[in-house]
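Beneath this line is the structure, given in structure tokens, with notes to follow.
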Amino acid sequence: MLEQRQFERKPFDETFYCAVSVLDIIDTKILNLVARGIDISEGGIGIKTDYPLEPGHVLRLNKPLNHKNVGVVRWCENGENKGIYRVGVKFV
């Protein structure tokens, strides 16, 4: 299989907080989430969280990772444990 990633991933096992703006029917809500890192590269991070993020959601990290503190969700899938989602985030 052809590798499509631009940057090499490295294991990353750290818990951190992030905020995401979620558009509701009436208004925009800001959710504060706990995320667990899985892997990280210069271009992004793989995380696990208990909230089903969607592609395009913008995350603000509570502390910079690889000198970045903002990322955009690229994909989200239901993980092996029900209610835990694996998420791919691209740093911006």
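So Val20 passes all but one of these: (1) hydrophobic (A, V, I, L, M, F, W, C); (2) assigned to a strand (DSSP E or B); (3) free of Cβ contacts under 8 Å to residues at least 12 places away in the same chain. Which condition number does it fail?
(3)
I want to confirm something. Restricting to the range 1-26 and keeping residues that are open to solvent by 80 Å² or more (accessible area, probe 1.4 Å) and of a type in the set (D, E, K, R), which single residue is farthest from the chain's Cα centre (by Cα)?
Applying the first criterion (open to solvent by 80 Å² or more (accessible area, probe 1.4 Å)) to the range 1-26 yields 1-11, 13, 17, 23, 25-26.
Now drop any that are not of a type in the set (D, E, K, R), which leaves 3, 5, 8-10, 13.
Values: Glu3: 21, Arg5: 16, Glu8: 17, Arg9: 14, Lys10: 15, Asp13: 13 Å.
The extreme case among them is Glu3.
Report the residue count in the range 43-92 for those that are in a loop (DSSP other than H, G, I, E, B), touching a strand residue (DSSP E or B) at 6+ places or on another chain (Cβ under 8 Å) and at negative phi.
So in the range 43-92, the residues in a loop (DSSP other than H, G, I, E, B) come out as 43, 50-57, 66-67, 79-84, 92.
Adding the requirement that they be touching a strand residue (DSSP E or B) at 6+ places or on another chain (Cβ under 8 Å) leaves 43, 50-57, 66, 79, 84, 92.
Next cut, at negative phi only: 43, 50-55, 57, 79, 84, 92.
So the answer is 11.
For the range 34-52, which positions are of a type in the set (S, T, N, Q) and crowded, with 18+ Cβ neighbours inside 10 Å? Break it down stepwise before answering.
Step one: list which residues in the range 34-52 are of a type in the set (S, T, N, Q), which gives 41, 49.
Correct list: Thr49 only.
Within the range 74-92, can you find the residues that are of a type outside the set (Phe, Trp, Tyr), more than 12 Å from Lys48 (Cα to Cα) and either at pLDDT 95 or above or in contact with a Cys (Cβ under 6 Å, 6 or more places away or on another chain) (or both)?
Across the range 74-92, the qualifying residues are Arg74, Lys90.
The values are calculated or read from the model by the stated rules, or taken from the named source; none is laboratory data. Computed from a predicted model, the values in this text were never measured in an experiment. Cβ sites come from the backbone with ideal geometry, for glycine too, and all protein chains shown count toward neighbours. Ligands, DNA and RNA are stripped out before the accessible areas are found, and what is left, the full protein with its side chains, is counted by its heavy atoms. Shrake-Rupley method; radii C 1.70, N 1.55, O 1.52, S 1.80 Å.
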